[in-house]
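Structure record follows, encoded as structure tokens.
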Amino acid sequence: MPGRFIALEGTDGVGKTSLARQLADISYDTAAARLGQPTAHGTAEVAAGVLVFVSRRQISTTSTYAATLMEHLSTMLWHSGDAPDLSDAFWVSLQAAWFTAHTETVVGPLLDAGFDIIVDGWLYKFFAKLLLQGFTEPDLAVIFDRVRMPDAVLLLRADAGAVYDRRQDFRPAELGMHASYGALDELGRDTFVDYQTKTAANLQTFAERHGWHTAELDPDEPIPATARRLAPIVAELRTPPEPAPMAGRDEEWRGATMTTTSLLAAHGGTRVLDLPQPHYQWPAVTRELEDAVHLQLHRSLSDRDASGVIGEFEAAFARFVGAPHAVSFASGTSAIHAMSRIAGLRPGDAILAPAYTFFATATPFAYDGIEVRFADADRYGNVTAATLAEKLTPAVRAVIVTHMWGNPCPMDEIVEFCRAHDLVLLEDCSHAHFASWRGQRIGTFGDMAVFSTNQKAITTGEGGVLVTAGDLYRELALLFGHYNKRCQKEIDPSAEYYPYAFTGMGLKHRITTLGAAIGVHQLTNAADIERRRRATLARYADGLADNPVIAPAVVPEAEGQHGLYVLGLRFTPENASVSRDEFVALCQAEGATEVDAPGSTRDISAEPLFARRDPFAPWVPSTPPSTDMPGVTTFADTFIKIPLWGYEGDEPFVAGYLDTLAKVSVAVAR
Ligand SMILES: *Cc1c(COP(=O)(O)O)cnc(C)c1O
């Protein structure tokens with residue numbers, strides 16, 4: 001049986017989108033993904049009793065061709081509304097084309113599969129506005145007859161003045177631009193109230209004519225509370241008015257009892273997702289990746305210099321970051337150890353490091369007997385010039401920062417701080433491969449930077465890369481990790497340390513050729529990886545926009561671009577009836593098992609390794625100094641992370657996790 005098509009209607013700004021999203025069980029993306037993968041029970045079983053939120057602006061994700069067409073159409077459409085020079089007729093035909101395409105490629109297939117659908121507004125508001133612009137009902141019938149109209153409508157009514165006061169930023173089309181109120185700069189609260197009130201009157205006429213349900217909204221009531229209040233009305237609208245007689249009795253009964261509730265899986269409800277583990281696999285092992293490794297397997301398994309794949313990987317990495325030099329290592333940790341040894345630090349010197357980071361940012365310095373002094377975190381978990389300054393002593397010679405979870409640190413003030421105190425600046429960019437700060441690429445601010453290529457956004461399996469603009473640092477990094485043939489070939493014979501080219505500094509820390517081959521493949525696809533991960537990030541930002549319980553912990557775009565390692569979320573305990581850890585457990589019970597409160601990345605300042613500074617006995621127990629890190633505590637106690645997917649076939653995960661976060665949030669919001 002086809003599903004029921006429900007629309008929320010109402011004037012601009014009443015909250016149709018937020019409410020529809022909260023009232024639904026799953027998003028369009030999850031539903032579309034389920035269409036593509038029927039279970040043993042068939043598609044009907046998957047769809048039965050499930051209410052899907054479909055945005056009025058939803059673009060088809062099931063057909064590339066339809067999606068491309070609709071993307072162009074939507075770009076024109078959502079801008080034409082604000083372009084006074086386009087004729088009304090143009091705008092109207094564009095709207096008609098949009099809704100026709102939307103019906104055929106988005107709404108129709110889901111209804112046919114048996115999903116119920118709720119949209120955040122359909123054609124009625126548009127009609128109500130056109131009537132104010134002089135169009136007549138016979139004009140509109142031309143569109144009306146061609147577009148699938150909802151089976152049931154719920155009209156939301158709210159005081160236009162209160163709606164305006166709550167949100168204030170409205171587009172010209174919403175302020176009445178097409179309703180001849182005068183010049184653009186005369187549009188404001190007054191025109192909004194007048195225009196929306198008249199629109200509401202027309203909607204009311206439709207409501208009476210078609211027997212719609214109506215509901216009064218209080219703009220000050222929190223969305224989750226309103227959603228709970230409206231849920232019974234929506235449940236009623238989803239029940240077909242005239243049940244078919246006898247024949248399908250069994251089926252109907254099942255349909256009725258399966259009407260979805262938002263009961264949490266932890267309390268006996270249906271899980272949001274049931275997908276094979278692990279949910280996040282990186283790198284995606286594609287045919288091309290297999291080919292790249294296979295090719296390298298036959299080419300060489302160990303290189304003594306950079307004439308082969310090691311050199312290709314380093315050159316590609318340097319280009320990727322926009323740094324003059326890149327030197328590869330066996331791990332991010334060994335590359336950080338190289339920085340510790342070649343930055344000019346000596347025993348007795350100190351370095352400032354984040355208290356909140358993965359410990360390998362700082363452990364190599366401790367290993368070398370350097371005193372590590374820990375700095376507190378800001379609201380993104382990052383150090384700032386101010387938190388570093390608090391820990392400055394005369395012994396401090398260097399600073400290492402970590403761009404936590406992909407958010408860039410405030411680098412201009414940190415560069416300034418290091419310059420003012422003559423400190424070597426090092427960056428741990430292991431979370432921040434794609435990040436920038438105010439337009440400058442992360443990894444290019446300091447004297448040296450390290451990117452781990454372990455399970456990070458660009459990966460080689462195990463590995464790490466040191467990047468620098470300094471020729472001296474480059475050669476010393478080679479001496480540290482790449483002795484003999486490579487050093488003899490690449491180090492300037494006139495350098496005073498050239499005699500060490502043969503033995504290096506005593507150690508070897510090379511990446512494997514197979515790892516480098518994986519890295520070259522990853523970097524070749526970097527643009528694609530970035531595009532996909534940024535799209536996922538944007539999806540979550542949009543999907544969690546009205547969520548009072550969790551929000552993406554992402555630096556504003558004007559400040560920096562996210563590094564795309566994982567998606568960090570900030571939990572707001574005041575708005576929830578459960579703790580952060582309970583929230584995580586509820587999400588995991590829904591099947592989103594990789595919603596995570598990280599364990600090994602935390603305040604490391606009390607680790608005994610950092611209290612003992614004898615490089616020959618770092619394991620000797622001692623009492624670490626206890627320091628107060630209020631910023632770290634606040635950040636770490638409210639932080640949740642989820643994978644940031646970016647490969648083909650990840651759609652069910654992306655959508656399922658978003659639905660899980662929404663469902664659990666609605667259930668625990670207060
Ligand atoms: C992963 C990571 C490291 C260590 O890199 P490995 O390649 O695993 O040795 C260092 N710092 C941070 C912040 C990391 O996330």
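The values are calculated or read from the model by the stated rules, or taken from the named source; none is laboratory data. Because the structure is a prediction, the values reported are computed rather than measured. In this analysis, Cβ positions are derived from the backbone assuming ideal geometry, glycine residues included, and neighbour counts consider all displayed protein chains.
When you scan the stretch 332-340, do you find a residue that is hydrophobic (A, V, I, L, M, F, W, C), under 16 Å from Val467 (Cβ atoms), at pLDDT 95 or above and in contact with a helix residue (DSSP H, G or I) (Cβ under 7 Å, 6 or more places away or on another chain), even just one?
Looking through the stretch 332-340, at least one residue is hydrophobic (A, V, I, L, M, F, W, C), under 16 Å from Val467 (Cβ atoms), at pLDDT 95 or above and in contact with a helix residue (DSSP H, G or I) (Cβ under 7 Å, 6 or more places away or on another chain).
What about Gly656, is it modelled with pLDDT under 90, touching a Leu at 6+ places or on another chain (Cβ under 8 Å) and surrounded by 19 or more Cβ atoms within 10 Å (Cβ to Cβ)?
Here the answer is no, as Gly656 does not meet what is asked.
Just for the stretch 437-458: of the residues that are among the hydroxyl-bearing types (Ser, Thr, Tyr) and buried (at least 20 other Cβ atoms within 10 Å of the Cβ), which one is nearest to the ligand (Cβ to nearest atom)?
Step one: list which residues in the stretch 437-458 are among the hydroxyl-bearing types (Ser, Thr, Tyr), which gives 444, 452-453.
Now drop any that are not buried (at least 20 other Cβ atoms within 10 Å of the Cβ), which leaves 452-453.
Working: Ser452: 3, Thr453: 7 Å.
Per the stated criteria, the residue is Ser452.
Can you tell me which residue is surrounded by the most Cβ atoms within 10 Å (Cβ to Cβ) among those in the stretch 476-511 that are touching a residue at least 40 places away in the same chain (Cβ under 8 Å) and among the charged types (D, E, K, R)?
Across the stretch 476-511, the extreme among qualifying residues is Arg486.
Name the residues in the stretch 512-536 that are closer than 30 Å to Arg580 by Cα and either crowded, with 19+ Cβ neighbours inside 10 Å or more than 12 Å from the chain's Cα centre (by Cα) (or both), would you?
Within the stretch 512-536, Arg532, Arg533, Thr536 meet the criteria.
Can we say Ala432 is part of a loop (DSSP other than H, G, I, E, B) and either away from the ligand (no atom under 14 Å from the Cβ) or out of contact with any Lys or Arg (no Cβ under 7 Å at 6 or more places or on another chain) (or both)?
For Ala432, the condition - part of a loop (DSSP other than H, G, I, E, B) and either away from the ligand (no atom under 14 Å from the Cβ) or out of contact with any Lys or Arg (no Cβ under 7 Å at 6 or more places or on another chain) (or both) - is met.
What tally of residues in the stretch 388-404 results from selecting those that are surrounded by 21 or more Cβ atoms within 10 Å (Cβ to Cβ) and either more than 16 Å from the ligand (Cβ to nearest atom) or not in a loop (DSSP other than H, G, I, E, B) (or both)?
7
Among Ser55, Ser74, Ser60, which is the only one that is in contact with a strand residue (DSSP E or B) (Cβ under 9 Å, 6 or more places away or on another chain) and at pLDDT 80 or above?
Residue meeting the stated conditions: Ser55.
For the stretch 359-394, name all the residues that are small (Gly, Ala, Ser) and either in the same structural domain as Pro608 (by TED's automatic domain parsing) or modelled with pLDDT under 95 (or both).
Within the stretch 359-394, Ala366, Gly369 meet the criteria.
Within the stretch 350-370, which residues are farther than 17 Å from Leu425 by Cα and surrounded by fewer than 21 Cβ atoms within 10 Å (Cβ to Cβ)?
If the condition is that a residue be farther than 17 Å from Leu425 by Cα and surrounded by fewer than 21 Cβ atoms within 10 Å (Cβ to Cβ), then Phe359, Tyr367, Asp368, Gly369 are the ones that fit.
Taking the stretch 585-605, which residues are closer than 22 Å to Thr363 by Cβ and in contact with a Phe, Trp or Tyr (Cβ under 9 Å, 6 or more places away or on another chain)? Working first, answer last.
Here is the first cut: in the stretch 585-605, the residues closer than 22 Å to Thr363 by Cβ are 598-605.
The answer is Pro598, Ser600, Thr601, Arg602, Asp603, Ile604, Ser605.
Name the residues in the stretch 557-596 that are assigned to a strand (DSSP E or B) and within 16 Å of the ligand (Cβ to nearest atom), would you?
Val566, Leu567, Gly568, Asp596
So the check is Cβ under 7 Å with 6+ separation or different chains; which pairs have a first residue in the stretch 295-314 that's under 23 Å from Phe451 (Cβ atoms) and among the charged types (D, E, K, R) and a second one that's modelled with pLDDT of 95 or more and not in a helix (DSSP H, G or I)?
So the pair list comes out as Glu314/Ala306; Glu314/Ala326; Glu314/Val327; Glu314/Ser328.
Condition check: assigned by TED's automatic domain parsing to the domain that holds His79, under 18 Å from Lys198 (Cα atoms) and within 39 Å of the chain's Cα centre (by Cα). Does Leu154 satisfy that? Before you say what the answer is, go through the steps one by one.
Details: assigned by TED's automatic domain parsing to the domain that holds His79: yes; under 18 Å from Lys198 (Cα atoms): no; within 39 Å of the chain's Cα centre (by Cα): yes.
No, not satisfied.
Could you run through the stretch 315-352 and say how many residues are over 16 Å from Gly446 (Cβ atoms) and among the β-branched types (Val, Ile, Thr)?
1
The rows are residues; the columns are (1) in the same structural domain as Thr384 (by TED's automatic domain parsing); (2) over 25 Å from the mean Cα position of the chain (by Cα); (3) of a type in the set (A, V, I, L, M).
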| residue | (1), (2), (3) |
| --- | --- |
| Leu425 | yes, yes, yes |
| His433 | yes, no, no |
| Arg438 | yes, no, no |
| Ile442 | yes, no, yes |
| Gly446 | yes, yes, no |
| Ala457 | yes, no, yes |
| Gly464 | yes, no, no |
| Thr468 | yes, yes, no |
| Leu472 | yes, yes, yes |
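Restricting attention to the stretch 517-527, does a residue exist that is in contact with a Lys or Arg (Cβ under 6 Å, 6 or more places away or on another chain) and either assigned by TED's automatic domain parsing to the domain that holds Asn454 or modelled with pLDDT of 95 or more (or both)?
Looking for residues that are in contact with a Lys or Arg (Cβ under 6 Å, 6 or more places away or on another chain) and either assigned by TED's automatic domain parsing to the domain that holds Asn454 or modelled with pLDDT of 95 or more (or both), one finds none in the stretch 517-527, hence no.
Considering only the stretch 459-482, state which residues are within 11 Å of Leu426 (Cα to Cα) and away from the ligand (no atom under 15 Å from the Cβ).
In the first step, residues of the stretch 459-482 are kept if they are within 11 Å of Leu426 (Cα to Cα); the result is 466-468.
Passing the criteria: only Thr468.
Which residues, taken from the stretch 357-374, are outside any helix (DSSP H, G or I) and either more than 10 Å from the ligand (Cβ to nearest atom) or without any contact (Cβ under 8 Å) to a residue 24 or more places away in the chain (or both)?
Of the stretch 357-374, the ones outside any helix (DSSP H, G or I) are 357-358, 362, 368-374.
Hits for the stretch 357-374 are Asp368, Gly369, Ile370, Glu371, Val372, Arg373, Phe374.
Within the stretch 81-190, considering only helices (runs of 4 or more DSSP H) that don't extend past its boundaries, which have at least 2 residues that are surrounded by fewer than 18 Cβ atoms within 10 Å (Cβ to Cβ), polar (S, T, N, Q) and on the phi < 0 side of the Ramachandran plot?
Where helices (runs of 4 or more DSSP H) fall fully within the stretch 81-190 and carry at least 2 residues being surrounded by fewer than 18 Cβ atoms within 10 Å (Cβ to Cβ), polar (S, T, N, Q) and on the phi < 0 side of the Ramachandran plot, they are 88-102.
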